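Before we start, here is the structure in question, set down as structure tokens.
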Amino acid sequence: MKKSRAARLNLVILLLFLLPLISIGFKLAYYKDTLFGKPIAKERLVVSQKFRTERNSRDTTNLLLPSQSSHQRISNEHIQSSAASFSVKELNSQRCLKINPHSRRQAISYSYEYRGKAIKYELDPTLYYNEKRNTLLKDFLFRAFYESNGDQMTFEGKLKAESVPYRVVCGYDAIEEEPKLKKWIEVLVSDTWVPFDIPKGLFAEKPASYVDLGPVDAFSYKEPDSLHTKITKSIYLNPELIEDGLSVPMTFLFFAEIFTLNDMPLNILAIILLTPLAAMLITIFRNAIGIQTFGTFLPMLIAMSFLSTGFFLGAALFIIVIAVTGVFHFPLGKLGLLTLPKLAIILTIVEGVFLFLIYLGFKWDIALLLKTSLFPVVILTFATERFIKTTTDKGYGPAIILALKTLLVSSFCFVIYKSIVFAYMFMVFPELFFCVIAINLSLGTWIGLRMSEVVRFRSLEKA
Amino acid sequence: MHEFDKRGRPRQVFSCFKGSDVVTFVVLMNYIKRILDLQEKVIGMNERNYRIINKLNPQEFRNYANDKALCKKVLEENEIPTPKTYCVIEAMREIEGKITSIEHLDDFVVKPAMGSGGQGILILKKIGEQQWSSPSGELYTRKELVMHIANILFGKFSKRLFDKVIIEYRLIPHSDFQKIFKRGVPDFRIILLNAQPVMAMLRMPTEESDGKANLHAGAIGLGVDLETGRLTRGYNQITDKMVSRHPDSKVLFDGMKLPDWEKTLAISIATAKVFPLNYLGIDIVYDEKFGPMVIEINSRPGMQIQNVNSVGLKKVLEKIDF
């Protein structure tokens with residue numbers, strides 16, 4: 001009975017370990033190109049358009065709006081108008097901004113953030129466009145492409161003559177500072193619209209910078225005269241992030257993409273993803289090596305606070321806090337105060353020290369000291385409390401040793417939090433969480449001696 | 001392709017391995033083998049928690065061991081000798097009244113119900129009206145006593161927000177133990193599995209431990225032979241050395257016969273039968289007047305007893321149904 005339970009647990013551990021590996025294998029096989037391909041447009045573009053109507057205009061104006069596709073992501077759309085006589089409509093399955101005639105002059109500004117992905121199609125060379133005449137589509141497109149000498153109308157005419165289904169698509173090239181509406185041609189090749197930009201000489205490809213507004217032949221579309229379009233290559237995702245070198249290529253079709261597209265800072269995502277790993281590390285330190293720390297997962301929190309201060313300032317703050325606590329705890333202990341008020345006094349002093357450090361940072365313009373923000377203060381305050389508890393329990397010597405051990409484990413956790421490799425691994429393969437659970441499960445049933453115990457019981461070797 | 005070393009000999013094919021690597025490997029394997037051998041004898045924290053405590057001591061009953069007041073109540077109900085409880089203080093408002101009720105006593109012990117490691121225990125002897133002194137000679141006025149009790153109630157000595165205070169009979173160690181060392185109260189720690197004694201030790205205070213019978217604090221642990229009831233060698237945790245004499249009084253205790261060992265064992269077995277915990281560490285003090293008395297039980301007894309007795313627990317436990 002007992003044995004079968006252990007065997008079942010082992011099976012669960014094995015499965016938890018193997019299934020993610022299998023899934024990772026499949027992902028690697030299927031998305032090889034996306035995973036190892038070129039990263040595309042890391043920056044996001046802000047496209048802002050301003051539009052004015054004339055007073056007492058009679059016409060309805062339609063402004064094409066870009067829509068989400070595999071090529072582009074549109075976020076943070078904002079529409080503002082002086083007079084509310086517009087609406088976002090779908091016209092022939094094409095999003096557009098409909099501006100109604102109004103007696104007053106109105107100004108409308110519309111802006112959005114754009115992130116694009118370059119697309120390049122491989123045309124199937126065995127595909128026919130006309131079976132009777134035995135002509136291959138790829139060959140025909142190639143010929144037509146080069147024979148039109150960069151003239152779009154010629155290309156269009158050739159397609160029309162051979163009755164190949166095509167459409168004209170309009171949009172902007174975001175590389176231009178003040179872009180004009182441009183048009184390119186898309187040919188229908190087995191249910192896919194394949195783009196061709198004849199003047200630019202782009203054969204079956206669309207660069208990441210092409211903001212796709214949609215086909216113009218849905219209704220004859222002309223860019224309004226008074227439209228002013230401006231594209232600013234703005235801000236990276238998160239300035240801190242680039243510093244860390246952490247940026248996920250948009251091509252990762254997985255887990256992390258959704259977060260990055262919705263403006264979640266990657267470093268916060270990384271902290272959330274890596275916390276289970278840090279917790280596992282602490283478990284290994286405690287149960288396999290035998291290094292005790294303040295609290296159970298306090299080293300993890302301390303490591304997190306190091307993220308905002310940087311390691312050296314963080315470690316220095318930790319040591320300062322412990323030292324200040326030690327120095328003031330001793331005389332206060334002699335006064336024979338009740339525990340909680342004594343703790344409160346020490347915490348007040350510690351906060352005072354923090355405040356003083358920030359003051360010094362401002363006074364002498366030391367940028368490093370200004371990193372002492374709220375989060376580290378709160379966490380190190382926890383450490384203070386633990387330190388006092390340990391000194392009353394076991395005395396100063398063991399408490400200081402425990403503080404140093406905590407610092408050691410914290411720095412290992414910090415390495416995990418800082419490591420780009422682990423962050424990427426968990427972003428792309430979140431199923432690794434199951435591996436972490438499997439390792440914790442096996443640690444939970446592991447009954448071997450801790451390394452510290454091997455030393456502690458070494459005299460029993462001969463017994 | 002032929003390369004030669006300094007002495008003109010042809011280089012080895014596997015130049016990545018040197019002779020010293022093999023030595024390192026052998027040493028490493030030997031070390032791993034030694035750890036595995038040790039593993040066969042000794043029970044470590046992981047094994048204690050996973051295989052013994054989690055399986056044999058159900059969580060819901062561990063409170064008997066955590067709360068000394070509750071433990072003593074059960075012991076008294078079952079007529080197992082335990083130091084007489086004068087009063088239990090559970091709230092601040094009770095302090096004044098309860099101190100008044102014990103004022104007439106010559107001596108008593110104040111201790112937290114949920115403390116650990118001998119912390120917060122105050123042994124007091126009456127020396128005057130509302131004045132007591134501790135064995136180390138510190139003077140306690142009524143105000144200081146109230147302060148101490150309040151500190152206990154606020155959980156200073158236990159890892160909780162609230163605690164209870166027990167005021168009980170002050171034990172006086174048997175003269176045989178006083179021969180070894182006069183200060184403090186030495187106590188037995190007997191480990192029982194399914195109400196069968198497995199291993200025992202006597203914790204003897206020293207000057208370094210400041211009279212506390214706590215191995216962490218510097219008290220020495222003396223091994224006890226369960227069958228003959230004789231002391232064996234002792235172990236000092238601080239210096240990590242085996243000793244045969246008390247470090248302060250220099251009295252030789254190795255081979256000394258313990259008074260009434262059978263009775264002590266019988267009491268420990270009776271105690272184990274009362275509680276629904278299957279793996280227990282029972283602390284017993286041999287009192288001059290009343291003989292062996294149970295002072296507390298532990299549901300998670302430490303593993304240091306293996307070092308004290310120079311025997312690993314694993315083999316001993318496997319003899320018993322485990």
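Every read-out reported here was derived from the displayed coordinates using simple, explicitly stated rules and does not represent laboratory data. Please read all numbers here as calculations on a predicted model, not as lab measurements. Cβ coordinates were reconstructed from backbone atoms using ideal geometry, including for glycine residues, and neighbour counts include every protein chain displayed.
How long are the three semi-axes of the equivalent ellipsoid of chain B, in whole Å, if each is the root of 5 times an eigenvalue of the C-alpha gyration tensor, listed from largest down?
47, 22, 21
Would you mind ranking A:C435, A:C413, B:C87 by Cβ crowding within 10 Å, fewest neighbours first? Intermediate results must be reported in sequence, preceding the final value.
Numbers: A:C435 19, A:C413 26, B:C87 16.
Listing A:C435, A:C413, B:C87 from fewest to most nearby Cβ atoms yields B:C87, A:C435, A:C413.
Hey, what did region B:84-170 get for relative contact order, percent, Cα under 8 Å, at least 6 apart? Don't jump to the answer; show the numbers that get you there.
Values: 147 pairs, mean separation 36.5, N = 87.
Worked out over region B:84-170, it gives 42 percent.
Still on this structure: Only counting other Cβ atoms within 10 Å, I'd like A:S109, A:S163 sorted with the fewest neighbours first. Walk me through the numbers on the way to the answer.
Values: A:S109 15, A:S163 9.
Ranking A:S109, A:S163 by Cβ neighbours within 10 Å, fewest first, gives A:S163, A:S109.
Based on the Cα gyration tensor of the protein assembly as shown, what are the three equivalent ellipsoid semi-axes, each the root of five times an eigenvalue, rounded to whole Å and given largest first?
Semi-axes from the Cα gyration tensor: 77, 35, 24 Å.
Counting partner chain Cβ atoms within 10 Å of every residue's Cβ in B:150-157, what's the average?
On the way: counts 2, 5, 0, 1, 3, 2, 6, 3.
Other-chain Cβ atoms within 10 Å of each residue's Cβ, averaged: 3.
Apply the a/c threshold of 1.5 to the C-alpha gyration tensor of region A:266-430 and tell me whether it is rounded, prolate or oblate. Walk me through the numbers on the way to the answer.
Working: a/c = 2.62, a/b = 1.37, b/c = 1.92.
Oblate, because a/c is 1.5 or more while a/b does not exceed b/c.
Check each of the trypsin sites (Lys or Arg not before Pro) in region A:140-182 and keep only those in coil by DSSP with at most 14 other C-beta atoms within 10 angstrom; list them in order. Mind dumping the intermediate values first?
Values: sites: A:R143, A:K158, A:K160, A:R167, A:K180, A:K182; in loops: A:K180.
Sites meeting the loop and neighbour criteria: A:K180.
Considering Cα pairs under 8 angstrom that are at least six residues apart, work out the relative contact order of chain B and quote it in whole percent. Could the numbers behind the result be given before it?
Values: 573 pairs, mean separation 60.6, N = 322.
Across chain B, relative contact order equals 19 percent.
Choose one of B:L122, B:V110, B:H216: the residue whose Cα lies farthest towards the positive end of the charge dipole of chain B (beta-carbon charges +1 Lys, Arg; -1 Asp, Glu; about the Cα centre).
B:H216
Moving on to the next point. Between B:S175, B:S116, B:S101, where does the largest GNM mean-square fluctuation fall for chain B, given springs only between Cα atoms within less than 10 Å?
Comparing B:S175, B:S116, B:S101 in a Gaussian network model of chain B, the most mobile one is B:S101.
Where the only charges are on Cβ atoms (+1 Lys, Arg; -1 Asp, Glu), what is the dipole of the protein assembly as shown about its Cα centre, to the nearest 20 debye? The partial results should precede the final answer.
Numbers: 98 positive and 79 negative charges, 192 e Å.
It works out to roughly 920 debye.
With +1 on each Lys and Arg Cβ and -1 on each Asp and Glu Cβ, how big is the dipole of region B:114-192 about its Cα centre, in debye rounded to the nearest 20? Don't skip to the answer; put the middle values down first.
Working: 13 positive and 7 negative charges, 19 e Å.
My answer is approximately 80 debye.
Oh, and also: Go ahead and estimate [θ] at 222 nm for chain B from helices alone: -39,500 (n - 2.57) per DSSP H run with n ≥ 4, summed, over the residue count, rounded to 500. Can you show the working numbers first?
Details: 9 runs with 89 residues, N = 322.
Computed mean residue ellipticity for chain B: -8000 deg cm²/dmol.
Under a 5 Å amide H to amide H cut-off, with H placed in plane at 1.01 Å, what residues pair with B:N78 once short-range neighbours are removed?
Correct list: empty.
What helices does chain B hold that run 18 Å or longer along their axis, going by alpha-carbon atoms, with a Kyte-Doolittle average of -1.0 or more, using DSSP H for the helix calls? Mind showing how you got there, number by number?
Working: long enough: B:19-41 (34 Å, 0.39); B:261-274 (20 Å, 0.57).
Helices meeting the span and hydropathy rule in chain B are B:19-41, B:261-274.
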